[in-house]
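Asks: Here it is: the structure, laid out below.
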Amino acid sequence: MDGEELTEQETALYDRQIRVWGADAQRRLSKAHILVSGIKGVVAEFCKNIVLAGVGSLTLVDDRVVTEEALHANFLITPDDVSSGKTLAELCCDSLKDFNPMVRVSAEKGDLSSFDVDFYSKFDVVVVCCSSLSTKKLINDKCRKLSKRVAFYTVDCKDSCGEIFVDLQLHRYSKKKLEETVDCELKYPSFKEAISVPWKTLPRRASKVFFAMRVLERFEEAEGRKCGEISIGDLPGVKKLKKELCESQSLNESHIPDSLLERLVANGREFPPVSAIVGGILGQEVIKAISGKGDPMKNFFFFDAMDGKGVIEDISNPA
């Protein structure tokens, strides 16, 4: 990968980026293959950013048809697309090709969880959105079974909150420290391992969004719902589950305010400015992982527009 030179066309198109992160990083990007499943507004922002950055290829998976709600935050589709008969992946694929003709963008049909392990070996990065708790665990596990390292991310935005999870397995990278370049190494837990960390062992100031997202995941799983299939009518059940989880985890219920749960349940749609922020950060993190340059986040990122804060939390079992 590293030995292949950039073409004259690539060098000219990505000249400004090469000045920022160097030709070696751009070479790595131009050879990277990325798989994205579940195209919400936050994923549309992410896809736009990495296509403009010049990744080798982007494969989209989302067989849902376009709805009026999807138009709310996804700038890759238009009102005319509602009656097109095409899937979200097909429509977003057409739009993304216009951003950068040098990037190969394609749509893949099928259920993400039904693809075998070999399917994931074609990619360097897998990004999952709009998926159930069990699907996220399953796909992360398939990525980890491969002989090559595949970076795994989950991302979601609900109302004014957003979450990113990162699993880079064993990640080696370099960063500048004063006048020298330092080689670094980070070991990441899987998604299943991270969410299994006992809540009572987490710092008292751990993000409330982390706990709220876990309650919603567990509620959807228990009720047999698809991701995002929760409405305000479910709030009593969500609160009941929160109480049960806090008791079993020896966590004070104040760590998951009812007002936060109500916000996420009642207004489950994305807030476009939040999607833009979280999608932009996800793009930066994927570029760091591919290029091997700069400190990557480990292993959760949370954003809540109500306080305007974005926080990184390392939620891992102590070694």
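The values are calculated or read from the model by the stated rules, or taken from the named source; none is laboratory data. Computed from a predicted structure; not experimentally measured. Cβ coordinates were reconstructed from backbone atoms using ideal geometry, including for glycine residues, and neighbour counts include every protein chain displayed. With ligands, DNA and RNA removed, areas are computed over all heavy atoms of the protein, side chains included. Shrake-Rupley method; radii C 1.70, N 1.55, O 1.52, S 1.80 Å.
One line per residue, one yes/no per condition, for (1) buried (at least 20 other Cβ atoms within 10 Å of the Cβ); (2) modelled with pLDDT of 95 or more; (3) within 30 Å of ILE256 (Cα to Cα):
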residue	(1), (2), (3)
SER84	no, no, no
THR87	no, no, no
PRO101	no, no, no
ASP111	no, no, no
VAL127	yes, yes, yes
ASP141	no, yes, yes
ARG144	no, yes, no
PHE152	yes, yes, yes
VAL166	yes, yes, yes
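Asks: Which of the helices (runs of 4 or more DSSP H) found entirely inside segment 191-279 contain at least 1 residues meeting this: closer than 20 Å to ALA73 by Cβ?
Replies: Filter on segment 191-279 gives 208-223, 258-266.
Asks: Restricting the first residue to segment 295-317 and requiring it to be in contact (Cβ under 8 Å) with a residue 60 or more places away in the chain, which pairs with a second residue that is among the polar types (S, T, N, Q) meet a Cβ separation below 6 Å and a spacing of at least six or different chains?
Replies: PHE302/SER207; ALA305/SER160; MET306/SER160; VAL311/SER207; GLU313/SER207
Asks: If only one of SER95, SER131, SER190 is at pLDDT below 95, open to solvent by 10 Å² or more (accessible area, probe 1.4 Å) and within 16 Å of the chain's Cα centre (by Cα), which one is it?
Replies: SER131
Asks: Could you pull out the residue among GLY292, GLY224, GLY228 that is at pLDDT below 95, outside the structural domain of LYS136 (by the TED database), surrounded by 14 or more Cβ atoms within 10 Å (Cβ to Cβ) and not polar (S, T, N, Q)? Please lay out each step first, then the result.
Replies: On the way: GLY292 fails: outside the structural domain of LYS136 (by the TED database); GLY224 fails: surrounded by 14 or more Cβ atoms within 10 Å (Cβ to Cβ).
Sole residue among the options that is at pLDDT below 95, outside the structural domain of LYS136 (by the TED database), surrounded by 14 or more Cβ atoms within 10 Å (Cβ to Cβ) and not polar (S, T, N, Q): GLY228.
Asks: Still on this structure, please answer the following. With HIS33, HIS72 as the choices, which residue is touching a strand residue (DSSP E or B) at 6+ places or on another chain (Cβ under 9 Å), open to solvent by 50 Å² or more (accessible area, probe 1.4 Å) and within 24 Å of LYS158 (Cβ to Cβ)?
Replies: After ruling out the rest, the residue left standing is HIS72.
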